[in-house]
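Chemist: Sharing a structure with you now.
The values are calculated or read from the model by the stated rules, or taken from the named source; none is laboratory data. Please read these numbers as outputs of a predicted model, since none were measured by experiment. Because the Cβ atoms are built from the backbone with ideal geometry, glycine has one as well, and the counts that use them run over all protein chains shown. Accessible surface is based on the protein model in full, side chains and every heavy atom, while ligands, DNA and RNA are left aside. Shrake-Rupley method; radii C 1.70, N 1.55, O 1.52, S 1.80 Å.
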Amino acid sequence: HWANALEQGHAAARAMLGQNVTYDRVPYFFSDQYDVGMEYAGHADPADEVVFRGDPATREFIAFWLRDGRVAAGMNVNVWDVNEHIQELVRSGAILGFLVGTGLLLVWVGLPRHRQAGLAQLLADQVAHVVVADRPPDALT
C-alpha cells in the first residue's frame, strides 16, 4: 500500500545517509469499495484464530486475528477512527480474552494508563463490557 511505501522511503533515505534506522511500523492498508470501507493492520497467518467484535452481517465490525491469544492483526470495517488503537494492540502483542456468553472482553496490554483508556473506549463501542489491565492473570501467561 502507498502508506507503507511512503514511510519506508523516509527510513531508506535516512539509512542511506548513514543514520541508524529501524523500520518497525505495523503493516497497514485501507480500501474503500462502494459502501464498504476497511483498514487492516498487522500480519495474519491462515492458522490464526479470527474473532469478531460487532456483526459482520451489518458490515460494521472489527476483526482480530489472534496467535496464541495475542493480537497479530486487526481490521475495522465501516468503524472509523480506531485503526491507531488496533495498531497499538498489534504492536504491543496484547492478549485478548473473550468470556463467551457474557459480552465481556478482557484486554491485557503493557501500555501507559492514558493509552489504555483509548483502547477501552474503542472496544467498548463493540462489546458490553471491557476490562483493560497492565498484565493478564497468571493463569493466562
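Chemist: If you scan the range 1-38, which residues turn out to be hydrophobic (A, V, I, L, M, F, W, C), more than 20 Å from the chain's Cα centre (by Cα) and over 20 Å from GLN87 (Cβ atoms)?
Modeler: Residues satisfying the conditions are ALA12, ALA13, ALA15, MET16, LEU17.
Chemist: Same structure, new question: From LEU123, LEU140, grab the single residue that is surrounded by 14 or more Cβ atoms within 10 Å (Cβ to Cβ) and either under 25 Å from SER31 (Cβ atoms) or at pLDDT below 85 (or both).
Modeler: So the residue among LEU123, LEU140 that is surrounded by 14 or more Cβ atoms within 10 Å (Cβ to Cβ) and either under 25 Å from SER31 (Cβ atoms) or at pLDDT below 85 (or both) is LEU123.
Chemist: Report, ordered by the first and then the second residue, all pairs with beta carbons closer than 7 Å, sequence separation of six or more or different chains, a first member in the range 1-13 that is over 15 Å from ALA41 (Cβ atoms), and a second member that is exposed (fewer than 13 other Cβ atoms within 10 Å of the Cβ).
Modeler: Listed pairs, sorted by first residue: GLN8/TYR23; ALA11/TYR23.
Chemist: Another question, then. Do the conditions hold for ASP55, that is, is it open to solvent by less than 40 Å² (accessible area, probe 1.4 Å) and at negative phi?
Modeler: no
Chemist: Looking at the range 25-44, can you tell me whether even one residue there is open to solvent by 60 Å² or more (accessible area, probe 1.4 Å) and of a type in the set (A, V, I, L, M)?
Modeler: No; the residues of the range 25-44 include none that is open to solvent by 60 Å² or more (accessible area, probe 1.4 Å) and of a type in the set (A, V, I, L, M).
Chemist: Same structure again: For the range 9-68, which residues satisfy the criterion of being at pLDDT 90 or above, more than 21 Å from GLU88 (Cα to Cα) and not in a helix (DSSP H, G or I)?
Modeler: The answer is LEU17, GLY18, GLN19, ASN20, ASP32, GLN33, TYR34, ASP35, VAL36, PRO46, ALA47, ARG59.
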